[in-house]
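Written out below as structure tokens is the structure these notes cover.
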Amino acid sequence: MAMKEFQPGSVLFESGQTLDKIYLVVRGSVRASFPGGSYLLKNGDIAGLADINFRETFLRYEAVEKTTVVEYVYEPGNLSGFVGTNKDTVKYLFTSLFHQLGELSGHYTLIKNEFASLKDYLSECYEDYKACCEKIALSPGELAGFDDAVNVDFEEVLPDWITGYYNSLREIVMGSDVTTPDPDFLIGLITKSGRDLREMVSLSGEIESNKSDIHNLLMNESAMDLFELYQSLYVKGVKKLGIDDPSVGKIYRLMNDLLMQIETEGIDKEPFFEARKAQYEGALKLANELASSMGEKEETHGKEQLEQIADSLKKIVEYSGVDEETAKSFVDSVNAYKNT
């Protein structure tokens, strides 16, 4: 046992480093990080506790500020020996363990729920796209990778009850005398929770990876994504039905909702986003030009029909041989009927 000091930014343990010591924080703070998340260890917490069942760390520990710790030498794999010879750490083992369980389980639950919502959104958005295609009688494009992205389930690995279980266990344990616990109970708790902590970290990394896959399906650099499908459908819809058609208007609304979701997910921070947004604005401009062109054609066609009608009336009147006053009265009657 020895006192040690770490400067801000100093690394106590790298992920994957052999764990031959642990640190009790007595002043300052340490950030425990993993792919997709992190949490803080402060006074009374133990850096390396979550990894103590394993010969190598799965978390990375870095001093956030000037930090003072007590260093305890630890023989990898000899948890019972450590508990037996360092009874002064028992209270801190309990409090820090439950603190880290709360932090990691809370993070795991949050990102798992966020991922489930993101999967549902992708599914609904893709179904809406296909429904719009059917409505305007166009074949839908395929979203490659969709099935693999949404058919992911982590429930069989780590059950939903795990967070509530440890919360209740914390209330029971911390409500008793934790200075003289049954050593077997403490070792069992650290062993069991250590495995769950490592599983949470591992699953968190997997969820982050799958979340990235879904982000890629919403929008990516190559434009082989859901946003491109909507963009293409909108232009086709305008060309086929006109910009004021209700079905085309729905496509436009869904496409803009998708763009807002993309920005909410932080995809707008990706290097390719500005280029893709410029393409989108170009597609809107093209759609408006198509709509304008179609309007001009309809107006021209209407004028041609009126000219044909006027010419036909003239020929009818000339062929009838009636006097000028009767001819004028007939033409006025026809024009009055057209305007009703």
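Readers should treat all values here as calculations from the given coordinates under stated rules, not as data from a laboratory. No experiment lies behind these values; they were computed from the predicted model shown.
In order along region 108-121, the phi-based Karplus estimate (6.51 cos²θ - 1.76 cosθ + 1.60, θ = phi - 60°) of 3J(HN,Hα) comes to 4, 4, 4, 6, 5, 5, 4, 5, 4, 5, 5, 4, 4, 4 Hz; Gly and Pro are listed as x. 3J(HN,Hα) along region 71-85: 8, 10, 6, 9, 8, x, x, 10, 5, 4, x, 5, 4, x, 9 Hz, from the Karplus curve 6.51 cos²θ - 1.76 cosθ + 1.60 with θ = phi - 60°, whole Hz, x for Gly and Pro. Amide H to amide H distances under 5 Å link Leu59 with Gly16, where only residues 5 or more positions off or on other chains count and H is placed in the peptide plane.
If the viscosity is 1.567 mPa s and the temperature 4 °C, what Stokes-Einstein diffusion coefficient in µm²/s follows for region 38-189 when Rh is the Kirkwood radius over Cα pairs? Walk me through the numbers before you get to the answer.
On the way: Rh = 19.4 Å.
In µm²/s, the coefficient is 67.
Coordinate range of the alpha-carbon atoms in region 89-150 per principal axis, descending: 71, 17, 7 Å. With the cut-off at 21 Å, tell me which of the pairs Lys91/Lys192; Lys21/Lys42; Lys211/Lys236; Lys21/Lys112; Lys211/Lys285 have Cα atoms farther apart than that. Over 21 Å apart, Cα to Cα: Lys211/Lys236; Lys21/Lys112; Lys211/Lys285.
Taking amide H atoms as placed 1.01 Å from N in the peptide plane, the amide H of Lys21 lies under 5 Å from those of Tyr74, each 5 or more residues away in sequence or on another chain. With distances taken between every two different alpha-carbon atoms, region 184-224 has a Kirkwood hydrodynamic radius of 12.5 Å. With kT/(6 pi eta Rh) evaluated at 4 °C and eta = 1.567 mPa s, and Rh the Kirkwood radius from Cα pairs, region 24-113 diffuses with a coefficient of 94 µm²/s according to Stokes-Einstein. Normalised radius of gyration (Cα atoms, divided by 2.2 N^0.38 Å) for region 1-75: 0.97.
Calculate the length of the line joining the C-alpha centroid of region 1-39 to that of region 42-92, in whole Å. Computed from Cα coordinates, the inter-centre distance equals 9 Å.
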